[in-house]
Amino acid sequence: MAASYQELLPHLFRLEYTRMTAVLCRHFGLRHMAIAEDIVSDTFLKATEVWGAQGLPENPAAWLYTVAKNKTKDYLKRASLFETRVKGAIQQQEQEAARDFDFSGQAITDSQLAMIFAVCDPANATASQICLALQVLCGFSVEEIADAFLTGRETIKKRLLRARAGLRDNNFHLGPLQETTIQARLDAVLRTLYLLFNEGYFSKSGNHLVRKDLCSEAVRLALLLTENPLTNTTQANALLALMCYQSSRLEAREDEEGEVVLFERQDQNLWSRELIDKGNHYLVNACTGEAVSKYHLEAGIAYWHTTPAGNNKWEHILQLYNQLILLEYSAVTALNRTFAFAKVYGNKAGIAEAEKLGLEDVSYYHSLLGYLYAGTDAPKAVLHYNKAIALTKSVAEKRTLRREVERLEK
């Protein structure tokens with residue numbers, strides 16, 4: 001039983017911590033967000049103590065919500081801060097709601113949707129907005145955020161301190177969303193969910209390259225956007241389509257031992273037809289307007305990855321990457337485009353295209369060259385794979401690359 005509790009609690013922490021915090025912030029206000037976070041942290045601390053000694057309750061999530069509700073009521077009874085600074089600032093109907101502490105599904109949904117728009121404050125720099133949302137709404141640690149941004153931990157800590165101060169000071173009301181708020185903040189919200197999914201799909205931290213819990217959380221939050229009429233935009237649908245296509249291959253990306261399976265070696269029978277169909281549904285919804293975003297283009301690329309070979313598949317993918325790199329350049333996009341370029345024009349042409357980029361300090365640059373050289377020049381492939389191993393911070397990626405080196409050296 002102890003092993004089950006140790007496996008389950010981190011998963012519940014990732015999912016439920018942010019939900020409970022969002023609901024409590026709706027009652028306390030963002031100025032007192034630290035109170036909500038402390039109550040939820042105490043709830044999980046108690047779970048660690050009780051579950052470790054007594055085993056898992058019948059319904060662990062319900063147990064957590066019950067304890068959080070009781071701890072909140074206890075706090076309101078004894079805390080002088082509530083009496084002097086919070087109680088007088090809220091209306092009578094809010095006082096009644098606070099006594100109930102509604103943790104229903106709809107209350108959680110409304111609170112989280114409002115919370116993510118609250119933390120994506122245009123008064124803060126975009127990077128700070130995203131850092132704060134990843135921490136407050138998605139439960140990222142400082143190290144995970146630093147990895148997602150390829151930035152030092154101290155830089156992230158400073159961004160979070162400034163962003164939290166701004167969040168407290170602007171007194172954003174966690175009520176029904178207004179259209180002006182959505183227009184001002186939706187881009188940062190979408191980018192946050194995009195980064196969250198990417199951290200799950202290709203994790204740079206920890207021992208696992210794929211973190212399905214983060215992917216699932218990103219999909220769930222994106223669904224919140226598409227289910228609300230005010231946030232159900234073509235961009236939101238395109239992002240959700242992208243997540244569905246990528247999620248459809250999650251089961252095939254790891255073998256039974258938890259090792260990563262490269263795309264071309266994946267068992268397509270493990271791909272989820274249901275998620276591919278959902279991706280098609282949301283991609284159709286995304287194409288109802290004239291706007292084309294990076295999410296539209298990446299969803300299109302992911303769509304072609306889920307289709308069988310033939311029908312000029314890689315030509316279509318390359319064309320989409322050509323558009324994407326013009327819309328928003330990044331080293332990863334350039335390298336992914338080079339992979340597609342090699343599929344269309346051959347590995348020799350792909351090597352020449354990759355070397356034009358000169359991204360010597362990027363691990364993926366060397367792993368790509370290792371892949372492209374593998375069929376014709378094994379020593380060069382091994383050289384680049386070893387450089388990639390030295391550069392990457394992902395333990396799981398190192399294992400995958402070492403396996404490729406061993407295969408070439410046999």
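The values are calculated or read from the model by the stated rules, or taken from the named source; none is laboratory data. Just so we're clear, the structure is a prediction, and the values are computed from it rather than from any experiment. So basically every Cβ, Gly included, is an ideal-geometry build from the backbone, and we count neighbours across all protein chains shown. Side chains included, ligands, DNA and RNA excluded: accessible areas come from the protein's heavy atoms. Shrake-Rupley method; radii C 1.70, N 1.55, O 1.52, S 1.80 Å.
If ALA334 meets every condition in (1) under 24 Å from ARG253 (Cβ atoms); (2) small (Gly, Ala, Ser); (3) loosely packed, with under 15 Cβ neighbours inside 10 Å apart from one, which number is that one? If we test ALA334 against (1) under 24 Å from ARG253 (Cβ atoms); (2) small (Gly, Ala, Ser); (3) loosely packed, with under 15 Cβ neighbours inside 10 Å, just (3) comes out false. The single condition from (1) open to solvent by 10 Å² or more (accessible area, probe 1.4 Å); (2) part of a helix (DSSP H, G or I); (3) within 24 Å of LEU12 (Cβ to Cβ) that ALA133 fails is (1). Report yes if ASN232 is within 24 Å of LEU134 (Cβ to Cβ) and at pLDDT below 90, otherwise no. Considered against the rule, which asks whether it is within 24 Å of LEU134 (Cβ to Cβ) and at pLDDT below 90, ASN232 comes out as no.
Here ASP187 meets each of (1) farther than 25 Å from LEU24 by Cβ; (2) modelled with pLDDT under 80 with one exception, condition (2). The set of residues in segment 271-282 being in contact (Cβ under 8 Å) with a residue 12 or more places away in the chain, open to solvent by less than 100 Å² (accessible area, probe 1.4 Å) and within 14 Å of HIS305 (Cα to Cα) consists of TRP271, SER272, LEU275, ILE276, GLY279, ASN280. Within the option set ALA252, ALA241, being modelled with pLDDT under 95, open to solvent by less than 20 Å² (accessible area, probe 1.4 Å) and not assigned by TED's automatic domain parsing to the domain that holds GLU404 holds for one residue only, ALA252. Do you know which residues across segment 281-329 are more than 21 Å from the chain's Cα centre (by Cα), under 22 Å from ALA222 (Cα atoms) and not β-branched (Val, Ile, Thr)? Passing the criteria: HIS281, ASN285, CYS287, GLY289, GLU290, ALA291, TRP304.
The criterion of being at pLDDT below 80 and not acidic (Asp, Glu) holds for LEU167.
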